[in-house]
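Please read the structure below before turning to the comments.
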There are 2 protein chains.
Amino acid sequence: MRKSLLAVLGLLLALPLAAADEGMWLFNRTPNAIFKQRYNFEPTQAWLDHLQKSSIRFNSGGSGSFVSADGLALTNHHVGLDCLAKISTKDHDYVTTGYHAKTHAEEVKCVDLELNVLQSIEDVTARVNASVTPGMTTAAAQAARRGVMSAIEQESVQKTGMRSDVVTLFQGGEYHLYRYKKYTDVRLVFAPEVGIAFFGGDPDNFEYPRYDLDVCFFRAYENDKPVHPADYLKWSETGAKDNDLVFVSGHPGSTSRLNTFAHLQFFRDVAYPFTLNIFRRREVLLTNYAQRSIENDRRAHDELFGIKNSRKAYLGRIAGLQDPAVLKAKGATEALMRQQVTRDPQLNAAYGDAWQNVDAAIATYRPIYTEFRFVEGGLAFNSSLFQTAKTLLRLGDESTKPNGERLREYRESNLPSLKQALYSEAPIYEDLETVTLADSLSNWIEVAPNDPLVQQVLAGKSPQERASELVRGTKLRDVAARKALGEGGQAAVDASNDPMIQVARMVDARARELRRQYDDNIAEVLRQSYAKIANAQFKTSGGETYPDATFTLRLSYGTVKGFTENGQAVSWETEIGGTFAHAAEHGNEGEFKLPASWMAKKSLLESDKTPYNFVMTADIIGGNSGSPVVNRNNEFVGIIFDGNIQSLPWDYQFDDRVGRAVAVHSAGILDALRKVYGVTGLVKELTGK
Amino acid sequence: MRKSLLAVLGLLLALPLAAADEGMWLFNRTPNAIFKQRYNFEPTQAWLDHLQKSSIRFNSGGSGSFVSADGLALTNHHVGLDCLAKISTKDHDYVTTGYHAKTHAEEVKCVDLELNVLQSIEDVTARVNASVTPGMTTAAAQAARRGVMSAIEQESVQKTGMRSDVVTLFQGGEYHLYRYKKYTDVRLVFAPEVGIAFFGGDPDNFEYPRYDLDVCFFRAYENDKPVHPADYLKWSETGAKDNDLVFVSGHPGSTSRLNTFAHLQFFRDVAYPFTLNIFRRREVLLTNYAQRSIENDRRAHDELFGIKNSRKAYLGRIAGLQDPAVLKAKGATEALMRQQVTRDPQLNAAYGDAWQNVDAAIATYRPIYTEFRFVEGGLAFNSSLFQTAKTLLRLGDESTKPNGERLREYRESNLPSLKQALYSEAPIYEDLETVTLADSLSNWIEVAPNDPLVQQVLAGKSPQERASELVRGTKLRDVAARKALGEGGQAAVDASNDPMIQVARMVDARARELRRQYDDNIAEVLRQSYAKIANAQFKTSGGETYPDATFTLRLSYGTVKGFTENGQAVSWETEIGGTFAHAAEHGNEGEFKLPASWMAKKSLLESDKTPYNFVMTADIIGGNSGSPVVNRNNEFVGIIFDGNIQSLPWDYQFDDRVGRAVAVHSAGILDALRKVYGVTGLVKELTGK
């Protein structure tokens, strides 16, 4: 449940009042009354600060935490996978075989991994809103807001040196400045084999019971030395128990809980079917590619995992929306709120038009949806070389503009992170690039057979021929070539005759026009409308609330407990020993084949009752992968790695009757590290023993 | 390359003059002048009759031949797969483990396999055309033609007792009555393991070089005794050699070679992308299902193979159409012919409007395409139980009508074959039915979210709930229940409260209306237009020609020879010993894992130079799988099982510069039967030794 590959651009929304153990709460607005009332728990500010500063955002799409005084950073294997794949070669496959560095010297540097640790939050809503004056067009409002956000960020960078992001919360209801300590030298310490980290594979993904050691240890370095974070989580050797109150501190990617009925219908009828077809297409393409050889399989592994993971998540979401009961409930809640707004003249004047404005934005989006996704969203060019070319081209053009007028990803304060990715030494495989680019060009012909731009890009060739020519012809695989263009500015890019740059330039005018339409006429209208809806909700319901997920730090909470499925009780935990029975039930084959390291310890482990994976009611979503689970004492008791199938509709509606977050247990991790891998140094670093 | 799952309904067309070794020739109109001129070969009528009557159509979607005096029928393993899957159980999986019956008593009866052997062809064009009088509407013409065809067939059945089909050739240019000897008691004699029959799996499918023992031996029975066909092919122990002239006698399913430029564009832009998305969706769904357990894998194997096979074939076809050079050539040929027609007032009066009428039919089709495919074509109901319910419902209704007025599949002469399938004892798996029905209902919501019929069918439930309820509620898994309704006629079906019958009834009015629109306004217009285009082609080019494929017996010919790919020469043959090297190149894993029987003989076979698979220029397409390859002496020298990737565009354009048909070699088959399987009885039956 890594963050979805195709993030839904700019559709960040806000949320209804918490029910049950609901909520992805802001660290500067935790629901202390709820904690007190439901669990008789009152966290101190120090408790919250410690958890916040021990929590890590993995910019490859997940969460994690510091778990030692020497900068040991724990996340899921499937979050670390991005790094593992990029450092692997034909001859040394870290994904398949796993890894353990016995000394600091053996720790392997990731090529482009960036970690962020949130240091402070500042509410800048007033300053952002002040930039927008009454009577502005939506385009002007959008430009003004973008300008002041870039300025705030750049001032903060200059003042503190920290990564500084203005985060849009409550879909524009509030703006908070997040300052992060950033680590860009991150090294691999320990990874188990993918065969146990992702044991059960796609069939078991989003299912429970599970038996996965989905963990990966990295270490953060500065100046070539391990860092010593002031805050890190103490490891609980006993870990979570049934009925424990637990907290999850992580970075949920995005949710759609404040979405209107009509907006969810748009997801059900347009966005999700479209996106699922893209996922299925890529899954079939890459599975085919991967099956052709062991080396192909290695090259495609990480991307294929991500696609299957997203496909399964979206299937769960669409299934929820296709259940009439779900939309019926949504419709009823919405009707009630609109009634309250309509009845109050003041509320009605302020917020009454929000729902129809959402409808209007969707109506504007529908006719350009496919073209926007293909031309600006990149679906026509499924190639990292093309994306690199596009970034270089725009970097050149945008750098000539004042900071506040740039496309948001090119604002000054974001350039270090952008360049970290742009100049990455991660391997690019010509054959795989050709396969994916050819298929995406072919898909573009399918959706726009008569578009002259398609013909211009193809230059009279078949998608296969054209893709092959572009991939073989470009020099952008070479990091030095990328740097020369990236640092050479607009003049250097303009002078380039690299064929991939030329194609990026060919489509850029149309892509920018679509982006402008989207930003000004859709995203901005949605932002303004949802800000109204969020405010209407504050006013009509009162009480504490939380914004939709934004891949920024949130606190969730819940109870460790099992659930009932098809009339059967499902226990809160699985045990280490159960792994072997689960493998045997599936013939010990394919996705259920255990690695040799585990088979060698079978007789020792088969009857091992140590808790291994467990479930809880905490509210999570993609991006929470790797989030630490802590108890009342702020001790590490587990690590989130999945949600069960019943949790998939949490995207738009939380429900903890049977939905559960799934974690690896802290005791199970220790047990495996000791008995299977014998990594006593690592265990000592975690436990002091 | 079994016949495609989703046959393109009713789009049977005609063809340009043969170039190179082109052509799927009618047995009653073989290109003797070409044989003579190119190969100095003059087949006698006896030679042709012998080959015709040795050739078999497998109604599960392939071809085959008699190869012994005791009714031994050889086809591909992947054609036999349908039977193998249906006779398998959780405890005895004929697909994975293979099978050999040592005695007739051990031969296992297939549950619903029907074999057809063509006995005679009679030209009935004049009688069919006489039924259509000038000034008839297209609907009336369609009804008149359907009426007379049913009458001819029924008369023939009554006179001869043979299966009798009026086949529409040259897209309505000619009508021939085909009479078949029919075998419905067919028993499994020998099947190798799927691991060697389909060695290399999906990655190697439609590729060359290959190393597959894609064969399966059945035996035809009558009155519980093996039949003794008057004609069967003599087995050549030496088999095909490089540069040999060879003939392929089989049942190509469908081709689109006479299609207009605009019609091919419709395939490229509408039909193929749509169909490929359906294939990908089902592939992902079933792969997921299959991976959940070994038993699931077994249950889904046959269908999944078929889907992957079709997906790869369609990908090849769309790739060809997306190559601008291909459509450019088609456009040029078409423009030339239209010019010739336009210049000649008589031709112009007779045929000049054909192309624009095709355009009009396509324009009529486009707006109902998706709904037609979902509601009448069955895409909304991917469930054999639903298809059974629909057939029972319509059988009841259609049986009350005069034979000539029925939907064509319910004509009297077709009922025995229809009931053979309807009352099949083939297993139906509730879990798999639920998964596929739920997914197809979900897909239907996606394409028609606001259709009241969708809501009516779902009855306020989610697709998953509704599918589960229908599959659990229906009694149609029980063959006796099916027979009671099928033999009880309209009254019995009307009285049924079976939920699946009720759903079939719910959609039947709309489905029939779509069918009527399709039959009357699209298929009939296309038929009339393509008949004109075919005739225009006869007139403007003269000479011999052949109609598009119709899953009826055809004769192809060609030369055994290799080809050049990416500058590399690819040999005409592979050798038995090469199998082990090919496995090792792929790590002996997954699709490249050889069965234990082969690994046990590795040291014996590794250096075995016996020809194994080979290629030739003969013109084939899906449905030709299992076709015998014979030499000048009418001896069996190989069995077609695939085409290389370059042959996929043969659907609409033959080209033997690099395109090749792929076969298993008769010597290789014997070698494997002797050395790997030691089935001396079978070898003796084939060779007399």
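Computed values, structure above
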item	result
Boolean, residue B:650 is more than 22 Å from residue B:202 (Cβ to Cβ), away from every other protein chain (no Cβ under 14 Å) and either of a type in the set (Gly, Ala, Ser) or in contact (Cβ under 8 Å) with a residue 24 or more places away in the chain (or both)	no
Residue list for the range B:672-682, filter: over 29 Å from the mean Cα position of the chain (by Cα) and in a helix (DSSP H, G or I)	B:674, B:675, B:680, B:681
Residue A:556 vs. criteria on the phi < 0 side of the Ramachandran plot, part of a helix (DSSP H, G or I) and of a type in the set (S, T, N, Q)	no
The range A:198-226 - residue that is assigned to a strand (DSSP E or B) and of a type outside the set (Gly, Ala, Ser) and, of those, surrounded by the fewest Cβ atoms within 10 Å (Cβ to Cβ)	A:225
Within the range A:266-284, tally of residues that are more than 9 Å from every other protein chain (Cβ to nearest Cβ) and over 28 Å from residue B:451 (Cβ atoms)	1
Residue match in the range A:309-327 (condition: among the charged types (D, E, K, R), assigned to a helix (DSSP H, G or I), surrounded by 16 or more Cβ atoms within 10 Å (Cβ to Cβ) and away from chain B (no Cβ under 14 Å))	no
Odd one out for residue B:260, checked against (1) among the polar types (S, T, N, Q); (2) within 14 Å of chain A (Cβ to nearest Cβ); (3) crowded, with 23+ Cβ neighbours inside 10 Å	(2)
Inter-residue pairs, beta-carbon under 6 Å, first facing chain B (nearest Cβ under 8 Å) and in the range A:449-465, second of a type in the set (Gly, Ala, Ser), 6+ apart	A:463/A:438; A:463/A:442; A:464/A:438
Residue in the range A:90-103 that is within 23 Å of the chain's Cα centre (by Cα), at pLDDT 95 or above and not acidic (Asp, Glu) present	yes
Number of the exception - residue A:247 against (1) within 21 Å of the chain's Cα centre (by Cα); (2) not assigned by TED's automatic domain parsing to the domain that holds residue A:68	(2)
Residue satisfying all of: in the range B:284-308; hydroxyl-bearing (Ser, Thr, Tyr) and over 20 Å from residue B:87 (Cα atoms); farthest from the chain's Cα centre (by Cα) among these	B:289
Flag if residue A:421 is in contact (Cβ under 8 Å) with a residue 12 or more places away in the chain, in a helix (DSSP H, G or I) and surrounded by 22 or more Cβ atoms within 10 Å (Cβ to Cβ)	no
Boolean, residue A:265 is out of contact with any Ser or Thr (no Cβ under 8 Å at 6 or more places or on another chain) and within 20 Å of residue A:650 (Cβ to Cβ)	yes
Residue within the range B:511-529 that is out of contact with any Leu (no Cβ under 9 Å at 6 or more places or on another chain), within 17 Å of residue B:400 (Cβ to Cβ) and either part of a helix (DSSP H, G or I) or in contact (Cβ under 8 Å) with a residue 12 or more places away in the chain (or both) present	no
Selection status of residue B:234, outside the structural domain of residue B:593 (by TED's automatic domain parsing) and modelled with pLDDT of 95 or more	no
Boolean, residue A:669 is touching a residue at least 24 places away in the same chain (Cβ under 8 Å), of a type in the set (A, V, I, L, M, F, W, C), assigned by TED's automatic domain parsing to the domain that holds residue A:236 and not in a loop (DSSP other than H, G, I, E, B)	yes
Single match in A:393, A:385, A:437 (criterion: touching a residue at least 40 places away in the same chain (Cβ under 8 Å), in a helix (DSSP H, G or I) and over 28 Å from residue A:292 (Cβ atoms))	A:393
Search result, residues across the range A:603-620 that are under 21 Å from residue A:661 (Cα atoms) and among the acidic types (Asp, Glu)	A:619
Considering residues of the range A:343-365 that are farther than 16 Å from residue A:260 by Cα and surrounded by fewer than 15 Cβ atoms within 10 Å (Cβ to Cβ) only, the residue nearest to the other protein chains (Cβ to nearest Cβ)	A:343
Cβ-Cβ under 9 Å pairs, at least 6 apart or on other chains, the range B:345-366 side under 16 Å from residue B:537 (Cβ atoms) and in a helix (DSSP H, G or I), far side of a type in the set (Phe, Trp, Tyr) and at pLDDT 95 or above	B:355/B:261
Residue in the range B:290-298 that is without any contact (Cβ under 8 Å) to a residue 40 or more places away in the chain, within 11 Å of chain A (Cβ to nearest Cβ) and not in a helix (DSSP H, G or I) present	yes
Residues of the range B:645-665 that turn out to be of a type outside the set (A, V, I, L, M, F, W, C) and in a strand (DSSP E or B), as a count	1
Elements of type helices (runs of 4 or more DSSP H) in the range B:576-629, at least 2 residues being within 14 Å of chain A (Cβ to nearest Cβ)	B:578-585
Failed item, numbered, when residue A:502 is tested on (1) more than 14 Å from every other protein chain (Cβ to nearest Cβ); (2) crowded, with 16+ Cβ neighbours inside 10 Å; (3) free of Cβ contacts under 8 Å to residues at least 12 places away in the same chain; (4) not in a helix (DSSP H, G or I)	(4)
The listed residue being among the charged types (D, E, K, R), at pLDDT below 95 and within 30 Å of residue A:280 (Cβ to Cβ), out of A:202, A:214	A:202
Single match in A:559, A:540, A:550 (criterion: touching a residue at least 60 places away in the same chain (Cβ under 8 Å) and buried (at least 22 other Cβ atoms within 10 Å of the Cβ))	A:550
Some residue of the range A:222-238 being farther than 20 Å from residue A:89 by Cα, of a type outside the set (Asp, Glu) and within 14 Å of another protein chain (Cβ to nearest Cβ)	no
Residues (hydrophobic (A, V, I, L, M, F, W, C) and within 30 Å of residue A:295 (Cα to Cα)) located in the range A:440-452	A:441, A:444
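To keep it simple, each residue is scored yes or no on (1) of a type in the set (Phe, Trp, Tyr); (2) in contact with a helix residue (DSSP H, G or I) (Cβ under 6 Å, 6 or more places away or on another chain).
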{"position": "B:47", "(1), (2)": "yes, no"}
{"position": "B:61", "(1), (2)": "no, no"}
{"position": "B:65", "(1), (2)": "no, yes"}
{"position": "B:68", "(1), (2)": "no, yes"}
{"position": "B:73", "(1), (2)": "no, no"}
{"position": "B:77", "(1), (2)": "no, yes"}
{"position": "B:83", "(1), (2)": "no, no"}
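The values are calculated or read from the model by the stated rules, or taken from the named source; none is laboratory data. Remember, predicted model here, so these are calculated numbers, not experimental data. Because the Cβ atoms are built from the backbone with ideal geometry, glycine has one as well, and the counts that use them run over all protein chains shown.
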